[in-house]
Amino acid sequence: MIKKKPMMKLLINLPFLLILASNHLSLHMVHGQTQDSCDSNSNFGSLSSQILFETSSLNCLAVWSSENFILRYSQAGPSLWSFVLSAPISNSYIGMGFSPNGAMVGSSAVVGWVASDGSGNMKKYLLGGQTPSQVLVDQGDLEILGNTSTILSDTSRIYMAFQLAIDEPRRQLVYSVGDNSNPPPNTPSFRLTQHRNHAAIRLNYASGEGSRIKAPYSNLKRAHGTLNMLGWGILLPIGAMVAHDRIDANVNKHKGLGITILAFGCLQVLAFLARPAVEAKTRTYWNWYHSSVGRLMIFFAIVNIFYGIHLAKAGSSWNAGYGVVLGILVISGLILEINMLRKK
């Protein structure tokens, strides 16, 4: 057991105490009550004496109710913050990321787990992307005090305790829990597998209040699905039925293009149901297929609209009007593509 040092001495020696969280940490196994909450009668009280920093002034917040994640934190001194994350123990990991914008990608995270041999482990990761190969162990901008970091466990919960050397941690916090069907990280790579679930909150450290953060671009994803469902799944079949029941014309080419577009739309729905996981090797091919079929649908739809205007003999004004709308869409799409390439 490391003896507790006065705060001034700790701060003077701070540069020498900053070590990477890659160091293996001992697991302290205790047995007792199996519940944890922010109540004074929770099991944390019997465990706090085994944590290697002061815990009496920690604030407590239930940060993720559905997964029963409890966060305790406090500012231990100038440029020093203490954290204890509690969660149900499983055959996987728990993680806490500090995000610049509420997204998981771009966060620096602390991850802890109990190995199959009963030992406790804690590592820091840079969440550089959505695939395991982009999650880099021992990377990121977190400065963790290794000599006060530890993993505690009782019969049903894991407690990940660590201290950060920072003026004020980021307020956007991302939590994750691994899939217990996959083993936790292991030597030599300590590769982190895809999480089973995750959540993000914005924490006001002063007031102790947290608010849930929506997943980035969730509204855009919802709009993408809604508009495509409305256009390809509802309006297109209605247009086909109206043309079939009310218009007596020989338009085999126009009809053939419409059937082709409808078939592509059905393939997109089926592809969504068979979408592989983000980390799967086949996900790259699925992304290519999904975007390619979508572009083909748009191309055939544009061709069929101009052909339909021709068959209806609607005149050049209709062609010009749709051409202007199409031009605006193309220019907007190019601007968005250029901005996306610049960000990369």
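The values are calculated or read from the model by the stated rules, or taken from the named source; none is laboratory data. Predicted model, so just to flag it, every value in this text is computed and none were measured. Quick reminder, even Gly has a Cβ in these numbers, built from the backbone with ideal geometry, and neighbours come from all protein chains shown. For the accessible areas, the whole protein counts, side chains as well, though only heavy atoms, and no ligand, DNA or RNA atoms are used. Shrake-Rupley method; radii C 1.70, N 1.55, O 1.52, S 1.80 Å.
A compact table of results
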{"quantity": "Of all residues making up segment 289-301, the number that are open to solvent by 40 Å² or more (accessible area, probe 1.4 Å) and closer than 18 Å to Leu257 by Cβ", "calculated": "5"}
{"quantity": "Total residues in segment 99-148, condition over 21 Å from Gln50 (Cα atoms) and aliphatic (A, V, I, L, M)", "calculated": "10"}
{"quantity": "All positions within segment 249-282 that are in contact (Cβ under 8 Å) with a residue 60 or more places away in the chain, closer than 29 Å to Gln134 by Cβ and either surrounded by fewer than 11 Cβ atoms within 10 Å (Cβ to Cβ) or not β-branched (Val, Ile, Thr) (or both)", "calculated": "Ala277, Glu279"}
{"quantity": "Selection from segment 172-185 of residues that are modelled with pLDDT of 90 or more and either touching a Pro at 6+ places or on another chain (Cβ under 9 Å) or open to solvent by 20 Å² or more (accessible area, probe 1.4 Å) (or both)", "calculated": "Gln172, Val177, Gly178"}
{"quantity": "Failed condition for Asn68, given (1) surrounded by fewer than 22 Cβ atoms within 10 Å (Cβ to Cβ); (2) more than 21 Å from the chain's Cα centre (by Cα); (3) not aliphatic (A, V, I, L, M)", "calculated": "(2)"}
{"quantity": "Residue within segment 206-217 that is within 30 Å of Leu257 (Cα to Cα) and either touching a residue at least 24 places away in the same chain (Cβ under 8 Å) or of a type outside the set (Lys, Arg) (or both) present", "calculated": "no"}
{"quantity": "Of the criteria (1) surrounded by 15 or more Cβ atoms within 10 Å (Cβ to Cβ); (2) among the small types (Gly, Ala, Ser); (3) under 30 Å from Asn121 (Cα atoms); (4) modelled with pLDDT under 85, which one Gly210 fails", "calculated": "(4)"}
{"quantity": "Members of segment 73-114 found to be under 21 Å from the mean Cα position of the chain (by Cα), polar (S, T, N, Q) and surrounded by 17 or more Cβ atoms within 10 Å (Cβ to Cβ), listed by number", "calculated": "Ser86, Ser90, Ser92, Ser99, Ser107, Ser108"}
{"quantity": "Of residues in segment 162-212 being of a type in the set (Ser, Thr, Tyr) and part of a loop (DSSP other than H, G, I, E, B), the one farthest from Tyr93 (Cα to Cα)", "calculated": "Ser207"}
{"quantity": "Enumeration of residues in segment 168-200 that are of a type outside the set (S, T, N, Q) and under 15 Å from Pro100 (Cβ atoms)", "calculated": "Glu168, Pro169, Arg170, Arg171, Leu173, Val174, Ala200"}
{"quantity": "Number of positions in segment 70-111 that are among the hydroxyl-bearing types (Ser, Thr, Tyr) and part of a loop (DSSP other than H, G, I, E, B)", "calculated": "4"}
{"quantity": "So Ser26, is it exposed (fewer than 14 other Cβ atoms within 10 Å of the Cβ), at pLDDT 90 or above and either on the phi < 0 side of the Ramachandran plot or of a type outside the set (Val, Ile, Thr) (or both)", "calculated": "no"}
